[in-house]
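For reference, the structure is listed below as structure tokens.
Read-outs: derived from the displayed coordinates by stated rules, not from any lab. Quick caveat, the model's predicted, so the values are computed rather than measured. Here Cβ is always computed from backbone atoms with ideal geometry, including for glycine, and neighbour counts include all displayed protein chains.
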Ligand code: EPZ
């Protein structure tokens, strides 16, 4: 099992190139199932999750070639009409394959994704909407069996009972080839959803977004077109918080602050200074870190749940009964017991974590549990005196491209061990 060893305390100083967005790349790659032809998708991060998705699509019979952050996709017919458990259980996002696949193929079978460490993460919102589009759904032996009853999916006028990134992406993709015009309300509008829509419109789709309503005109066919994925706002936010936690100074390249408007407002209140160098380069530093009373995670444009764990870690030495409320997932505090191993003083009450400042943090042996929780352990290790060993770092490799190399270049004493 791979680990990283970090010797703290250390300060982030230097520059980091932000990679392409994992959560935009995944649905965009999946959406190529809808279209004919071939294309190059640029700025795809070379991560465990993107490589894994590529292997799933290859297993279905697609032709893909991934070289240095550029993915060549040549869409051929899917030879295999099922996404097997061995794949789907390792990456929840793969459930978003169902919408595109059942749009093009009469039958498709996909393993139930199952829960994960941050919560049950149901798929009811996905399946109920597909059912309304004329897909017969049955669940047997841990698989979702989908069958399209007509030549094309029916269009759908639907208000999602709760906001879901994946369900919004799954259904808007299914609607692009439906037999008529669809209207989806109470949609997720994260930048990663908008990037998927921009890619599909470039391939000939007709999708419009007004507030949380997305309208999709069903078209005859889509043709693949070259595209460049947006920068990863969560990776950027994670490095910004690490810079604040260690009072460092960082130049961020390939970063779009517009995708982090609210988090940057919060971080400025905490003492972050940010200076524009060019359209995509910014210099950040933080001399004094001020406590922030309360942060509640919300759907975009609210404070992202994917930056919750990292924000808690950043405040370990400055929190004055600072509270962080997790509103999106029901079990996204598994990093708390791991952060306590550094000596952090954190209490949990239901959905709320309270941070009591602890000046003396000491390195410890800890366990990574999900992508974003793992980065909070890196931040804590950089704030602590002595050696930290982080186990199961495949979680980090799922979401942070070359994280150890990027940190090492910025002065962090970090070594990856087999
Ligand atoms: C996406 O997951 C992201 N993953 C997550 O990032 C992110 O945390 C999440 O959106 C929220 O922003 C990808 O984009 C690959 P949801 P997704 O559907 O689509 C419940 C990371 O670290 N729900 O918006 O799975 C669900 O349980 C990952 O990069 C249902 O109940 O999230 C959750 O509580 C972690 N039924 C809430 O909705 C459903 O059918 C939001 O989930 C679907 C979701």
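Looking at region 22-228, what % of the alpha carbon pairs are farther apart than 32 Å? Write down the numbers at each step before the final one.
On the way: 1454 of 21321 pairs.
Here the tail beyond 32 Å accounts for 7 percent of pairs.
Whole angstrom only: what separates the Cα centroid of region 1-44 from the Cα centroid of region 259-324?
Their Cα centres are 21 Å away from one another.
Just order 344-353, 13-22, 377-386 by mean Cβ neighbour count inside 10 Å, highest at the front, would you? Intermediate results must be reported in sequence, preceding the final value.
Details: 344-353: 15.5, 13-22: 21.5, 377-386: 25.2.
In descending order of packing, they fall as 377-386, 13-22, 344-353.
Would you mind ranking 120, 32 so that the residue whose beta carbon has the fewest other beta carbons within 10 Å leads the list? Each step should come with its number before you reach the end.
Working: 120 11, 32 25.
If I rank by nearby Cβ atoms, fewest first, I get 120, 32.
How far, in degrees from 0 to 90, does helix 22-31 lean away from the longest principal axis of the Cα atoms of the chain, to the nearest 10?
10 degrees
Sort 287, 409 so the one with the fewest other Cβ atoms within 10 Å of its own Cβ comes first.
On the way: 287 9, 409 14.
Sorted ascending by nearby Cβ count, the order is 287, 409.
For the pair residue 269 and residue 201, what calculated FRET efficiency results from E = 1/(1 + (r/R0)^6), where r is the Cβ-Cβ distance and R0 = 45 Å, to the nearest 0.05?
On the way: r = 37 Å, r/R0 = 0.81.
My answer for the efficiency is 0.80.
Report the relative contact order of region 135-188, percent, no decimals, based on alpha-carbon pairs under 8 angstrom and at least 6 residues apart. Can you show the working numbers first?
On the way: 68 pairs, mean separation 20.1, N = 54.
Relative contact order of region 135-188: 37 percent.
Per 20 Å bin from zero, what fraction in whole % of the C-alpha pairs of the chain is there, up to the bin with the longest pair?
For the chain, the binned pair fractions read 27, 55, 17, 0 percent.
Length gain on complete extension for the stretch residue 409 to residue 209, per 0.36 nm per residue less the alpha carbon to alpha carbon distance? Before the final figure, lay out the partial values.
On the way: separation 200, 0.36 × 200 = 72.00 nm, distance 4.04 nm.
Using 0.36 nm per residue and subtracting the Cα-Cα distance, I get 68.0 nm.
Going by how many other beta carbons lie within 10 Å of each one, how would you line up 335, 356, 395, 158, fewest first? Before the final figure, lay out each step's value.
On the way: 335 29, 356 13, 395 22, 158 19.
Arranged by neighbour count, lowest to highest, 335, 356, 395, 158 become 356, 158, 395, 335.
Could you work out the relative contact order of region 22-228? I mean the mean sequence separation of Cα pairs under 8 Å and 6+ apart, divided by the number of residues, in percent.
Values: 426 pairs, mean separation 45.3, N = 207.
Here the relative contact order equals 22 percent.
To test your reading of the geometry: what angle, between 0 and 90 degrees and rounded to tens, separates the Cα axis of helix 371-383 from the longest principal axis of the chain?
10 degrees
7 Å from Cα along Cα→Cβ at both residue 138 and residue 85: what's the point-to-point distance in nm?
Output for this residue pair reads 1.8 nm.
Quick one: check the C-alpha center-to-center distance for region 135-201 versus region 83-119, whole angstrom.
Distance between centres, Cα-based: 14 Å.
More than 15 angstrom separation, counting every C-alpha pair in region 33-82; what % is that?
Values: 526 of 1225 pairs.
Roughly 43 percent, rounded to a whole number.
Over the chain, what is the relative contact order in percent, taking alpha-carbon pairs closer than 8 angstrom and at least six residues apart?
Reported relative contact order: 22 percent.
Calculate for the chain the 222 nm mean residue ellipticity that helices alone would give, adding -39,500 (n - 2.57) per DSSP H run of length 4 or more and normalising by residue count, nearest 500 deg cm²/dmol. Walk me through the numbers before you get to the answer.
Numbers: 14 runs with 127 residues, N = 418.
-8500 deg cm²/dmol, from helical runs alone.
Which angle from 0 to 90°, rounded to the nearest 10, does the C-alpha axis of helix 233-245 make with the longest principal axis of the chain?
Relative to the chain, helix 233-245 is tipped by roughly 10 degrees.
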